[in-house]
Every structure is written in C-alpha cells, then in structure tokens.
1. Condition check: in a strand (DSSP E or B) and closer than 21 Å to W69 by Cα. Does V31 satisfy that?
2. Let me confirm something: among Q41, Q20, Q63, which residue is of a type outside the set (S, T, Y) and assigned to a helix (DSSP H, G or I)?
3. Could you list all residues from region 44-60 that are surrounded by 11 or more Cβ atoms within 10 Å (Cβ to Cβ), assigned to a helix (DSSP H, G or I) and not acidic (D, E)?
4. Would you mind finding the one in A10, A71 that is surrounded by 10 or more Cβ atoms within 10 Å (Cβ to Cβ), assigned to a loop (DSSP other than H, G, I, E, B), in contact with a strand residue (DSSP E or B) (Cβ under 9 Å, 6 or more places away or on another chain) and at pLDDT 70 or above?
Amino acid sequence: MSSCGPMLGAPVVQNLMGRQDPTLPLVPHLVHQWPDRESFQAFMEQAQPDIGPVMEAGGVTSQPSVTFWRALDTRDAVGWASLSSRPDP
C-alpha cells in the first residue's frame, strides 16, 4: 500500500480515531485527506490486493464505509489543507 500511495497522490493527512468510552464497542474511523475523489479511487484500485489482508488481520469482518466530504472555505484552515487551498494574499 505504501509503495503505490505516493505516486497516486496519497494523503498527507491521516488520522485513526475511535471512541473514548470503553463501555461502547470500538468503531475505528480512518480519515484521509486526498486532493480529489479520483486520486483516492485510483489508490484503492491499485492497493486493494494489500488492503484486504491487512484489514482481515486487524479483525475487520465487514466492508468499510467510504464517505466523501468537501472542504469548506472558512478562511481559518490550519495545516496541510490551508496550504493547498488558500490563494496567495
């Protein structure tokens, strides 16, 4: 997966999140920031042979849910997104 990511525009931003409450089942959320939907889809197609076994080894038993979000221009972005989407002053 890591070998094909950089050449396909793999995200600079990646976060793995889960619930803080130990009494609830763990539902991990992996959040990637991609330049566009097409880059993500190209990565997934090329990396699929590697992703499946890794997820299975991690105990994943169902198909992951993929949701696409768009960045909102709030003029107060911080980090990688602020560098790539904000025009020069």
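The values are calculated or read from the model by the stated rules, or taken from the named source; none is laboratory data. Quantities reported herein were computed from a predicted structural model and do not represent experimental measurements. Reconstructed Cβ throughout: ideal geometry from the backbone, glycine too, with neighbour counts over all protein chains shown.
1. In short, yes.
2. Q41
3. Answer for region 44-60, where residues must be surrounded by 11 or more Cβ atoms within 10 Å (Cβ to Cβ), assigned to a helix (DSSP H, G or I) and not acidic (D, E): M44, Q46, A47, I51, G52, V54, M55.
4. Just one listed residue meets the conditions, A71.
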